[in-house]
1. Looking only at region 1-27, how many residues end up being outside any strand (DSSP E or B) and of a type in the set (Lys, Arg)?
2. Looking at region 54-73, which of the residues that are in a helix (DSSP H, G or I), open to solvent by 60 Å² or more (accessible area, probe 1.4 Å) and more than 19 Å from Tyr31 (Cα to Cα) is modelled with the lowest pLDDT?
3. Return the pairs, sorted by first residue and then second, in which the second residue is hydrophobic (A, V, I, L, M, F, W, C) and in a helix (DSSP H, G or I), the first residue lies in region 55-67 and is touching a residue at least 24 places away in the same chain (Cβ under 8 Å), the beta carbons are less than 8 Å apart, and the residues are 6+ apart or on different chains.
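The values are calculated or read from the model by the stated rules, or taken from the named source; none is laboratory data. From a predicted model like this one, the values you see are computed outputs, not experimental measurements. Positions of Cβ are generated from backbone atoms using ideal geometry, with glycine treated the same way; all protein chains shown enter the neighbour counts. SASA here: full protein model, heavy atoms, side chains in, ligands and nucleic acids out. Shrake-Rupley method; radii C 1.70, N 1.55, O 1.52, S 1.80 Å.
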Amino acid sequence: MSVLVGKSAPDFTATAVKSNEIIENFSLSQYKGKYVVLFFYPLDFTFVCPTELHAFNERLDEFNKRDVELIAV
């Protein structure tokens, strides 16, 4: 398997939720030219995922200071 770190993620379009707002045509290409942390979590309500989500949320201001967008899938 080849290393994917540093390579561009493929574009996608999906329905998304952002701050309690449903976005029908969310796409990764909307963030072209910006730094993006695109992270995946497998299931809601497992003991591992909330820990990771809380860790990202606790550092959200640090990401914002660096103009980095967080996108969870």
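1. Step one: of region 1-27, the residues outside any strand (DSSP E or B) are 1-12, 19-20.
Among the residues that remain, those that are also of a type in the set (Lys, Arg) are: 7.
Going through region 1-27 one residue at a time, the tally reaches 1.
2. Of all residues in region 54-73, those in a helix (DSSP H, G or I) come to 54-58, 60-65.
Next cut, open to solvent by 60 Å² or more (accessible area, probe 1.4 Å) only: 54, 57-58, 60-62, 64-65.
Subsequent filtering for residues that are more than 19 Å from Tyr31 (Cα to Cα) retains 54, 57-58.
Details: His54: 85, Asn57: 90, Glu58: 94.
It comes out as His54.
3. Note: pairs meeting the criteria are Phe63/Phe56.
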